[in-house]
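Novice: First the structure, then my questions, so here it is.
No value in this document is a laboratory result; all are computed from the given coordinates. For clarity, every value in this text was computed on a predicted model and none was experimentally measured. Every residue, glycine among them, receives a Cβ derived from its backbone with ideal geometry; neighbour counts consider all protein chains shown.
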Amino acid sequence: MKITKEQIQSHGLKLDEYKKIKNFLGREANLLELGIFSAMWNEHCSYKSSKIHLKKLPTKNKIVIQGPGENAGVIDIGDDDAIIFKIESHNHPSFIEPYQGAATGVGGILRDVFTMGARPIALMNSIHFGSPDNKKTQNLLNGVVSGIGGYGNSVGIPTVGGETKFNSTYNENILVNAMAIGHAKKNKIFYSKAKGINKPVVYVGSKTGRDGIHGATMASAEFDENSEEKKPTVQVGDPFTEKLLLEACLELMKKNSIISIQDMGAAGLTSSSIEMASKGKLGIELDLDKVPCREKNMTPYEMMLSESQERMLIILDDKKENEAKKIFDKWDLDFVVIGKTTDTNKLVLNFNNKKVADIPITALADEAPQYDRKWKKFKVKKNDFKIKELKKIKTDKALFKILSSPDHSNKSWITDQFDQVVMCDTIQKSGGDAAVVRVHKKEKAISISVDSSANYCVADPRTGGKQIICENWRNLISVGSKPLAVTNCLNFGNPEKPEVMGEFVECIEGMKEACEFLDYPVVSGNVSFYNETNSKSIFPTPVIGGVGIFDNLNRIIDMKTKKTGNIIIVVGKTFGHLTRSSFLKEIYSINDGPPPEINLTNEKNNGLSVLNLIKNNLVLSCHDVSSGGILVALAEMSIASMLGLKITKPKKFSDFNEYFFAEDQGRYLLEIEKNNLEKIEKMLKKDNTFYEVVAEVQNDIFEIDKTLSIKTEELYKCNNQWFNKFNAVN
Amino acid sequence: MKSSVVVFPGSNCDRDIAVTLEKLQFKNTMVWHKETKLPKSDLIVIPGGFSYGDYLRSGAIAAKSNILNEVIKAGNDGSLIIGICNGFQILIECGLLQGALLRNFGLKFISKDIFIKIQSNKNKFFNKYKKDEVVKLNIAHNEGNFFTDKKHLKELEDNNLIPIKYCDEKGNITNASNPNGSLNNIAGIFNKNKNILGMMPHPERMSDKICSDDSGLPLFLSLMN
């Protein structure tokens, strides 16, 4: 049977790519082989458009144990402890079926982490929805939030934080990025590289069904109005089986019987088996009659391309089969030897006593196409903005409007649906600058923050890329931790368009610059292209998940102001940068001009100075200044404690709003005791770090002399109403 | 004291409660649901989680497991049993406690810190709390909306079998402080002999000052009294 042009195209392959396939095989492919190639060569699995640029990112330093290329990144946090983490997108499935799409996104990222030997200790997420006015938004928001909760709560891993944003750019293409963080012993980390010939290849976990067939190909295609017809390609999650699989795998990992292990994620059995063989430079032979199936009469094509969830592939030491099987029997999970490793460097599939596929492994993995796609340099608009030309707005009115906007509103409507404290090691839940989770039974903790700023990236991808790394770094500093490393999820449009590719390339280069300067390596990540509908691409949205460390549980701080009479200083200079700010967006609907600039030298200097003050127990609470500027950050500190603030008028600005709502970078608000001010001043001077006093903590009135006076209760109310109102309207 | 924590597939608060018990010097054993014998213990804990994925109905499948026969026997013989969250659901499903736990009012999973008011402390479980004390605990459930018929409710009320009710920070038992729609703000109930307690809030999640608070510890200290 000859493969037709239509078959090639319906598999998301280009005609010249098929030509390459024929060359590798020395013959026509059969349909199964075509399916396997399409699964391995699509953007999602092969990173064919992104690989040459991803290589620019720094991925090593002395704490990195494993960088990109494995299921997740691994870092050393001292003693015998390692932290394993990764973020991944599940955008397309979540738009089609929000509950299952989001749930299986969580399931997939958890497996990436426990495959490597870690017990997951926390989940985070970054979710972006269309405009609240869009009629799909409410349903998507509800579905995604309950899907994330439904999965994580059931498996029993706390969801400790994240971010939720709304913008019409995501109206037809929402973003659901989930991050998992796990803890392992440094000398007990498991990799996917196969070793040894004739070793049993074992299938464990759920049975294979017809769900999710070609999910990875779907994730590599644009959406159009028929996309909702793709529902059958969305996988269905079963958190109960995931929990069993997690416990069974961790139990087996305590023994010395696993040679390599890989979860069946995107492109299921295909990618997991090929990945293991490819990394070990071996071949693999599978007997598909043995694959545990959920449905009758499944074809090899369906088995190889199914994306049924909660499945793993393990290469075992051949003498340990019985011991391993006992563990999976205990947990009532399938455990079946479905094949063996070979020295042929080929993927050979047998079914009904016939060889049904025979493909060189290198053709599927190393020889997958790689493109240096055309890209267009981004033109950044000049900053010709003048606040004087705007109609004046009272500062309190502007503050209320920003605090009650969807992006700035308190997110407890969302986070109350997530179990944030199961496992009993959560020290700081969501709502602060970073989540803090203790390393179980140890006197140390990690901090985690997930951030994005698409609004900056769309205006200047290079600065935006730099900015988001810096903001993430800042958030980890603000709780008193030392930032260690990041994972990234790069959500972009169609890479075949030079403008989109340009955004991608420049974002990466911005990130690279910041990561190198801050010694903040990227240890894992995921690229999600083709986030567009009817040729309209989303804003470039890189999402960063950073992890930091506390070596002392007594130095963890939050943003709640502590005591009246204390003063608040702002570290870092305010220049009055307003373009791309929440102030202009929420009050004037202006979304134009360049984002605030990043000065890496100041960024690093300010951050390290703040960390030093925290380490010296001189800081009582801290909050980074980000979207919304100083006044919004001060209000958030007040809302957290319900204590008021007496705020000083800025000296150098004729228009207060320019000072209070500017989004200049590298700034932190610090609460300190008055009598420590002199000491702190000396320390900051020595570091050459700029600071100024902005406020004093007082009873329950939030005020700026003569301009504004609000009860903290009013601030709280204003900040806590949007989600309830939005969801009360059906 | 000796304790046993029963572990079902899908339990996920078993480790948390074990950590708390061990911190208080309980000699604790984890008992797998397939076991047919319970070790001799002064306290049996049915922990929270999603036993059997909460499929069919929360707690329904766990109530039919091997080990539950032993738990029922022990309960009827007067052993101290506490079921927390999913454990409460299981105790109701197996008949050791009466009533029903419906889906939360609002039909959403709720996880947050709440307050309960101690209604009576003259029992094995709450004697280290003061009567009317307001205690912060955490809840995390989908089906915690307690309901029962009038006759049973009267029996519970007349015999001091409702030890804890949801309240606000100041101790007011109001609709606004009822997180899940439970009848009369009921957060936990006893059986007739007060040796079996089912409660939705998680005391083990408030047993460590560094993470949260230690306002849940007196419950376990009471048991040692």
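Novice: Mind pulling the angle between the C-alpha long axis of helix A:629-641 and the longest principal axis of chain A? Nearest 10 degrees, somewhere in 0 to 90.
Specialist: Computed tilt is about 90 degrees.
Novice: May I pose another question? With θ set to phi - 60°, apply the Karplus curve 6.51 cos²θ - 1.76 cosθ + 1.60 along segment B:55-70 and write out the HN-Hα couplings as whole Hz, x wherever there is a Gly or Pro.
Specialist: Once θ is set to phi - 60°, the couplings for segment B:55-70 become 5, 6, 6, 3, x, 5, 6, 4, 5, 9, 7, 3, 5, 5, 4, 5 Hz.
Novice: When DSSP beta bridges are limited to those with both residues in chain A, what percentage is antiparallel, rounded to the nearest 5?
Specialist: Restricted to chain A, the bridges split so that about 80 percent are antiparallel.
Novice: Please list, by residue number, every one of the chymotrypsin sites (Phe, Trp or Tyr not before Pro) in segment B:52-152 that is coil in DSSP and has at most 13 other beta-carbon atoms within 10 Å.
Specialist: Those satisfying the criteria are B:TYR55.
Novice: Count neighbours as other Cβ atoms within 10 Å of each site's Cβ, and list the trypsin sites (Lys or Arg not before Pro) in segment B:125-225 that are DSSP loop with at most 12 such neighbours.
Specialist: In loop regions of segment B:125-225 (DSSP not H, G, I, E or B), the sparsely surrounded trypsin sites (Lys or Arg not before Pro) are B:LYS130, B:LYS131, B:LYS170, B:LYS192, B:LYS209.
Novice: Looking only at B:ASP208, B:ASP113, B:ASP77, which one moves most when chain B is put into a Gaussian network model with springs between Cα atoms under 10 Å?
Specialist: B:ASP77
Novice: Along each of the three principal axes of the Cα atoms of segment A:361-433, give the extent in whole Å, ordering the values from largest to smallest.
Specialist: 65, 51, 18
Novice: Please report the antiparallel percentage of the DSSP beta bridges confined to segment B:2-224, to the nearest 5.
Specialist: In segment B:2-224, approximately 55 percent of DSSP beta bridges are antiparallel ones.
Novice: Just from its helices, what would the mean residue ellipticity at 222 nm be for chain A, if runs of 4 or more DSSP H residues each count -39500 (n - 2.57) and the sum is divided by every residue, rounded to the nearest 500 deg cm²/dmol?
Specialist: -10000 deg cm²/dmol
Novice: Which aspartates and glutamates have a Cα less than 15 Å from the Cα of A:LYS562, not counting those fewer than 8 places away in the same chain?
Specialist: A:GLU636, A:GLU671, A:GLU673, A:GLU696, A:ASP700
Novice: Return the whole-Å distance between the Cα centroid of segment A:152-210 and the Cα centroid of segment B:140-159.
Specialist: Computed from Cα coordinates, the inter-centre distance equals 40 Å.
Novice: Can you give the net charge of the other residues whose Cβ lies under 12 Å from the Cβ of A:SER278, counting K and R as +1 and D and E as -1?
Specialist: Around A:SER278, the charge tally is +1.
Novice: Non-local amide H neighbours of A:ALA695 (under 5 Å, H modeled in plane, Pro and chain starts lacking H): which ones?
Specialist: Those qualifying (amide H under 5 Å, at least 5 residues apart or on another chain) are A:ILE568, A:THR648.
Novice: Let me ask something additional. Among A:CYS293, B:CYS211, A:CYS470, which comes first, second and so on when ranked by fewest other beta-carbon atoms within 10 Å?
Specialist: Ascending number of Cβ neighbours within 10 Å: A:CYS293, B:CYS211, A:CYS470.
Novice: If you find the alpha carbon centre of segment A:85-136 and of segment B:181-225, how far apart are they in angstrom?
Specialist: 33
Novice: Classify segment A:595-653 as rounded, prolate or oblate from the Cα gyration tensor: take a ≥ b ≥ c as the square roots of its eigenvalues, call it rounded if a/c is under 1.5, otherwise prolate when a/b beats b/c and oblate if not.
Specialist: On the way: a/c = 1.85, a/b = 1.15, b/c = 1.61.
Oblate.
Novice: A follow-up question, please. If I fit a long axis through the Cα atoms of helix A:98-114 and take the longest principal axis of the Cα atoms of chain A, what angle between them do I get, 0 to 90°, rounded to 10?
Specialist: Helix A:98-114 and the main axis of chain A meet at about 80 degrees.
Novice: Arrange the following residues from fewest to most other Cβ atoms within 10 Å of their Cβ: A:HIS90, A:HIS53, B:HIS33.
Specialist: B:HIS33, A:HIS53, A:HIS90
Novice: Next question, about the same structure. Kindly identify segment A:86-188 as rounded, prolate or oblate by the Cα gyration tensor criterion: order the square roots of the eigenvalues as a ≥ b ≥ c, call it rounded if a/c is under 1.5, otherwise compare a/b with b/c, prolate if a/b is larger, else oblate.
Specialist: It is prolate, given that a/c is not under 1.5 and a/b is the larger ratio.
Novice: Taking a 18 Å limit on the Cα-Cα distance, which of the listed pairs B:LYS122/B:LYS194; A:LYS207/A:LYS320; A:LYS482/A:LYS615; A:LYS165/A:LYS411; B:LYS40/B:LYS73 fall beyond it?
Specialist: Cα-Cα > 18 Å for A:LYS207/A:LYS320; rest within.
Novice: Please report the equivalent ellipsoid semi-axes of segment B:2-224, computed as sqrt(5 x eigenvalue) of the Cα gyration tensor, largest first, in whole Å.
Specialist: So the three semi-axes of segment B:2-224 are 24, 20, 17 Å.
Novice: I would also like to ask the following. Would you mind telling me which residue in B:LEU38, B:LEU183, B:LEU107 has the biggest mean-square fluctuation in a Gaussian network model of chain B, where springs connect alpha carbons within a distance under 10 angstrom?
Specialist: Of the options given, B:LEU107 has the highest mean-square fluctuation.
Novice: What's the angle, to the nearest 10 degrees (0 to 90), between helix A:137-155's Cα axis and the longest principal axis of chain A?
Specialist: Taking Cα atoms only, the helix is inclined about 70 degrees.
Novice: Which order results if B:SER120, A:SER453, B:SER222, B:SER182 are arranged by neighbouring Cβ count within 10 Å, fewest first?
Specialist: So the ranking, lowest neighbour count to highest, is B:SER222, B:SER120, B:SER182, A:SER453.
Novice: Checking the cross-link filter: which lysines have an alpha carbon closer than 16 Å to that of A:LYS56, excluding same-chain neighbours under 8 positions apart?
Specialist: Here the lysines satisfying the reach criterion relative to A:LYS56 are A:LYS48, A:LYS466, A:LYS512.
Novice: Another question, if that's okay. Measure of size requested: the Rg and Dmax of the protein assembly as shown, with Cα atoms as the atom set and Å as the unit; please supply both.
Specialist: Considering the protein assembly as shown through its Cα atoms, Rg and Dmax are 28.4, 87 Å.
Novice: Under unit Cβ charges (Lys, Arg +1; Asp, Glu -1), what dipole magnitude, rounded to 20 debye, does chain A have relative to its Cα centre?
Specialist: Dipole about the Cα centre, nearest 20: 1080 debye.
Novice: Taking Cα centroids, how far is segment A:373-390 from segment A:245-296 in Å?
Specialist: One Cα centre to the other: 49 Å.
Novice: Moving on. Which of B:ILE61, B:ILE164, B:ILE90 moves most in a GNM of chain B, Cα contacts under 10 Å?
Specialist: B:ILE61
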